[in-house]
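Below you'll find the structure, written out as C-alpha cells, and then a few comments.
Nothing in this text is a laboratory measurement; each read-out follows from the coordinates by a stated rule. In this text, all values refer to a predicted model and were calculated from it rather than measured experimentally. Here Cβ is always computed from backbone atoms with ideal geometry, including for glycine, and neighbour counts include all displayed protein chains.
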Amino acid sequence: MKGAEKEIVLERLKTLPSNMRLMIGGEGKFDKNQMMHEVENESEIGELIVQIYMNGIRSFKDTI
Amino acid sequence: MHKENFLVTRADHDDMTHYLFVWTGEVIDFAKRKGFKVIDLARERATRAQFVSVVSDKDPKFILFNGHGKPERITGQDGENVVVLGENHDILKSRIIYARSCWAAQGLGKKCEEMSEDGCFIGYSMTYIFIADNNCMSRPLKDELARPFMESSNIIPISILKGNSTKEAMGKSEKKMRECIEFFESSGMPGHADVSFFLKWNLDNQTICGNPEASLDN
C-alpha cells in the first residue's frame, strides 16, 4: 500500500455517509470508521479497500 | 441432465448471506413463473450432504450458489463446505453454474472449464462485495444502495432461465452494472461516487469460465 494511495483513500472514506456499510464476503460489514481503521493499520481488509478505490479512481480517470 | 430442474443454495447466517438470501427470492419467483422445478436448499438445507443428494437425484443443469467462497471451495450454511476442489468438484461437470461466492472462479471455475467443453461457470475471481444501507439491514429489498449490486447480479440467473447463453447473461449483467456505475458516478450525492468504485470492482472480477454458448436451450 503506497503512502499517497492510503491518504487518498482515507480522505475519501471520511466523506462517506454514516449509514453506508461495505459488505465483504466472508469478512463481514464495515462502516466508514471501521474501513478507515483497516486502511490506517494496513490490514488485509485495508489493502483490499485501497485496491478497490484505486481501481475505481484509475478507471474513472480513464473515462474523463 | 434435467434442464427443467433449477437448484439454488441459499445460506443465511450473517448479514451478507441474508441479503443474497432475500434478493435470490426474485430469481426463484421468476423461475417458478417460467415453469422450472426449483429445488431451494435454504438455510439449514444448504449443506454438502443435501446438495450432493439433490444433484444425484434431480441432476439439474443449472445451479445457483449463494454462499461464501475461496478459490477452491463454495460454502453453505454456517460456512460448511459444499463443493471443494479435489473432493467433489466433479459434481459440477458439464453444468451451468453461477456462484455468488468470493474467489471461486479462480479455482473451481477454472476446473470446470478443464472438465468439460459443455459446461460453464460464472463467478468471481476475487472478493465479492456490495454496499448496503445500515437503515435497511432488516429489509434488504428496500435497500437502494444494495439494489444495483443485487439486480445486476440477479440478471445472470434470470437471463439463463430465459434461455440465453452464459455469454449473453454476462453481457446483460455487465451492461446493467455499467449503467449503474454511470448513474452513481454522476449523481453528486454523498458516497455515490464511491458506490461506483465498488460496482466497478465486481464488474472487473465477474468471470466466465468454460463454454460461453452454454444455455438451457442446448
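See the values below:
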read-out: Alpha carbon convex hull of the stretch B:96-218, volume per residue in cubic angstrom; value: 93
read-out: Surrounding net charge for residue A:33, when Lys and Arg each add one and Asp and Glu each subtract one, Cβ distance under 12 Å; value: 0
read-out: Charge tally in the Cβ shell below 15 Å around residue B:163, where Lys, Arg are +1 and Asp, Glu are -1, residue B:163 excluded; value: +3
read-out: Local electrostatic count at residue B:58 - Lys and Arg +1, Asp and Glu -1, tallied over other residues with Cβ under 14 Å; value: +1
read-out: Average other protein chain Cβ within 10 Å of Cβ, residues B:200-206; value: 3
read-out: Of B:3/B:93; B:111/B:172; A:6/B:172, pairs whose Cα-Cα distance is over 23 Å; value: B:111/B:172; A:6/B:172
read-out: Number of partner chain Cβ atoms within 10 Å, mean per residue of B:125-133; value: 5
read-out: Stokes-Einstein D in µm²/s, Kirkwood radius over Cα pairs - the stretch B:23-86 at 4 °C with 1.567 mPa s viscosity; value: 103
read-out: Hydrodynamic radius by Kirkwood, which averages 1/r over all alpha carbon pairs of chain B, in angstrom; value: 17.1
read-out: Fluctuation leader among B:96, B:129, B:63 - chain B, Gaussian network, Cα springs under 10 angstrom; value: B:129
read-out: Average partner coverage of A:48-55, which counts Cβ from other chains inside 10 Å; value: 4
read-out: Space enclosed by the convex hull of the alpha-carbon atoms of the stretch B:115-162, per residue, Å³; value: 109
read-out: When the protein assembly as shown is reduced to its Cα atoms, the Kirkwood hydrodynamic radius in Å; value: 19.0
read-out: Dimensions in Å of the stretch B:154-196 - Rg and Dmax from alpha carbons; value: 13.1, 39
read-out: Euclidean distance between Cα centres, the stretch A:23-44 to the stretch B:86-115, Å; value: 29
read-out: Nearest-ten-degree value, helix B:15-33 long axis tilted from longest Cα axis of chain B; value: 70
read-out: Helix B:166-186 vs. chain B, principal-axis angle (Cα, 0 to 90°, nearest 10); value: 10
read-out: Cα convex hull of chain A, projected area averaged across orientations, nm²; value: 4.5
read-out: Overall Cα dimensions of the stretch B:43-159, principal axis frame, Å, largest first; value: 43, 28, 24
